[in-house]
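Structure first, then comments.
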Amino acid sequence: MAEILAALPKATKAHLCGANALVLSLEQELNVPEFLKTVGGTIKAGRIETSLARIAEATDKSVEVLSKFLPESGKFSFGVSSYGHNGPVPKIVGMTIKNKFRDQGVSCRWVTSRETTLSSVVVEQNKLLSNSGRELVFLTANKKTLVGVTLAVQPFKDLSQRDYGRPARDDHSGMLPPKLAQIMLNLAAVKKTDLVVDPFCGSGTILTEAMLMGYSNILGSDISAKAITDSEINIAWIAKRYALKNFPKLEKADAKEISVLYKANSIDAIVAEVYLGPQRGKLDLKNVVKELTTLYNACLKDFYKVIKPGKRIVLALPIFRQGHDLNYLPLDLASFKVINYLPEDLQVKEGLTPRQSFIYGRDNQTIFREIIVLEKALSPALPRA
């Protein structure tokens, strides 16, 4: 949600539908398939077609919406998904739609799933985005049932290839997923011509995703010579695969001292996944947290020098799990404001840390990522007593 609202700053009237869907009013038409290629956190996107005054209208309104997409000949496939709805809408409506079309002489196939929502894989593999198929979506927002159609799903095959197919991988240190790199770049909220820097470039995931998203002024650095080589290999692979020419510039440098490379107040965005700490073996949590806190406080002090006032730093930091406890790095953020983009009326609490940054991870992971968006204060913080 934060990524969408950062990428579409002119969106108005954002409404949650359950835990997994967001309805937005936009000032102008959006190219949904192209947009979905650039937002890593969104699985599906579509357009609202109508609304229901009462649930008894569901079948007739659904047939009316789907009829717009019927092919001139051949079988029509459709699926039904429901977000934020308390009743068994997909099963009831799906069967009645099929019967209604049959009575009209339309040959159709109803694509079903055990869940109340069809996955993006099911939608694509059953051609529900083609000239012979469509996914119908019910969304409940503000006690109102909306009816829409899916126009695009996340390009999961391409994302997987960019993740597992890249030639230079560092599985030992862990890999930033391309979709998370997209999310972080969008949270930086900068123009495509602005200067974007990754001072922990690793194997270059943020750099290559920035290339694909159309950023033209990208710089990367890392203290590791191997990381620079890996980034060069992956950049060349992406450039060849997608016929790109906007190659990022690379430098070997310590992230605590990037002010040696850049002038004061010259960078529009810093986007990086930092070293997350030891990934294997027994963890001395107290010492690891102490060492990483010292390291990243030094980095933030240097980042403050080079980032422009009012511009943003987006970092993926480690969160260490111990049972049900989540341990965050106690960083000194006095010179920055934490941004999360979420309007108060959405009342979002799940997935946020006490400092209003984002928690990213799976249940079986021992180290989560904290995605924090920091905005440079317009004047430096006063020294602490």
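The values are calculated or read from the model by the stated rules, or taken from the named source; none is laboratory data. Everything numeric here is computed off the predicted structure, so don't read it as measured data. Heads up, the Cβs are rebuilt from the backbone with ideal geometry, glycines too, and the neighbour counts pull from every protein chain shown. The protein model used for the area step is the full one, side chains on, heavy atoms only, and it has no ligands, DNA or RNA in it. Shrake-Rupley method; radii C 1.70, N 1.55, O 1.52, S 1.80 Å.
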Item checked: Quarter of the Cα convex hull surface for the stretch 85-159, i.e. its orientation-mean projected area (nm²) -> 6.1
Margin query: Using +1 at the C-beta of Lys and Arg and -1 at the C-beta of Asp and Glu, which of 46, 328, 310 has the Cα lying farthest in the positive direction of the dipole of the chain?
Written below: 46
Item checked: All-pairs Cα distance distribution in the stretch 263-302, expressed in whole percent, bin size 10 Å -> 22, 44, 23, 9, 1
Notebook entry, point to check: Across the stretch 35-47, in residue order, what do the Karplus-derived ³J(HN,Hα) couplings come to in whole Hz, using 6.51 cos²θ - 1.76 cosθ + 1.60 with θ = phi - 60° and x for Gly and Pro?
Noted result: 4, 5, 6, 10, 10, x, x, 10, 8, 9, 8, x, 10
Check: What are the residues whose amide H is under 5 Å from the amide H of residue 152, where those residues sit 5 or more places off or on another chain and H is modelled from the backbone?
Finding: 45
Item checked: Rg to Rh, two decimals, where the stretch 102-247 supplies the alpha carbon set and Rh follows Kirkwood -> 1.12
Checklist line | q = 0.27 Å⁻¹, the stretch 145-226: log10 I(q)/I(0) [Debye, one scatterer per Cα] | finding: -1.42
Check: When the convex hull of the Cα atoms of the chain is projected onto a plane and the area is averaged over all directions, what value comes out in nm²?
Finding: 21.7
Next item on the list: Could you check how much of the accessible area of the chain is carbon and sulfur, as a whole percent, using a 1.4 Å probe?
Entry: 50
Next item on the list: Enter the accessible area per residue of the chain (Å², integer; probe 1.4 Å; all protein chains in place).
Entry: 52
Margin query: Please report the net charge: other residues with Cβ closer than 11 Å to the Cβ of residue 265, K and R +1, D and E -1.
Written below: +4
Check: Once you put a point 7 Å from the Cα of residue 349 and another 7 Å from the Cα of residue 57, both along the Cβ direction, what distance in nm separates them?
Finding: 3.4
Notebook entry, point to check: Where does the stretch 259-380 land on Rg/Rh, using Cα atoms and the Kirkwood Rh?
Noted result: 0.98
Margin query: Using only the alpha-carbon atoms, how far is helix 178-188 inclined from the longest principal axis of the chain? Give it as 0 to 90 degrees, nearest 10.
Written below: 70
Check: For residue 145, which sequence-distant residues (separation of 5 or more, or a different chain) have an amide H within less than 5 Å of its own amide H, given hydrogens modelled in the peptide plane?
Finding: 52
Checklist line | Convex hull of the stretch 278-321 built on C-alpha atoms - directionally averaged projected area, nm² | finding: 3.8
Next item on the list: Report Rg (one decimal) and Dmax (nearest whole number) for the stretch 1-57, counting Cα atoms only, units Å.
Entry: 12.6, 38
Checklist line | Local net charge near residue 253, Cβ-Cβ under 11 Å (Lys/Arg +1, Asp/Glu -1) | finding: -3
Margin query: When the expected Rg is taken as 2.2 N^0.38 Å, what fraction or multiple of it is the alpha-carbon Rg of the stretch 195-328?
Written below: 1.12
Next item on the list: For the stretch 351-357, take each phi angle, set θ = phi - 60°, evaluate the Karplus expression 6.51 cos²θ - 1.76 cosθ + 1.60, and give the result in whole Hz per residue in order, putting x for glycine and proline.
Entry: x, 10, 7, x, 9, 6, 9
Notebook entry, point to check: What does the charge add up to near residue 22, with Lys and Arg as +1, Asp and Glu as -1, over the other residues with Cβ less than 12 Å from its Cβ?
Noted result: +1
Next item on the list: Grab the eigenvalues of the alpha-carbon gyration tensor for the stretch 44-188, scale each by 5, take roots, and send me the semi-axes largest first in whole angstrom.
Entry: 34, 19, 12
Check: Size of the dipole of the chain about the Cα centre, Lys and Arg at +1 and Asp and Glu at -1 on the beta carbon, nothing else charged, in debye to 20?
Finding: 380
Check: the stretch 214-251: which trypsin sites (Lys or Arg not before Pro) are DSSP loop and have at most 10 other beta-carbon atoms within 10 angstrom?
Finding: 245
Checklist line | Distant-in-sequence amide H partners of residue 221 (H built 1.01 Å from N, under 5 Å) | finding: 198, 200, 201, 251
Next item on the list: Tabulate in residue order the Karplus-calculated ³J(HN,Hα) for the stretch 14-20, using 6.51 cos²θ - 1.76 cosθ + 1.60 with θ = phi - 60°, rounded to whole Hz; enter x for Gly and Pro.
Entry: 7, 10, 7, 10, x, 9, 10
Check: Going by a ≥ b ≥ c, the root eigenvalues of the Cα gyration tensor, does the stretch 8-91 fall in the rounded group (a/c under 1.5), the prolate group (a/b larger than b/c) or the oblate group?
Finding: oblate
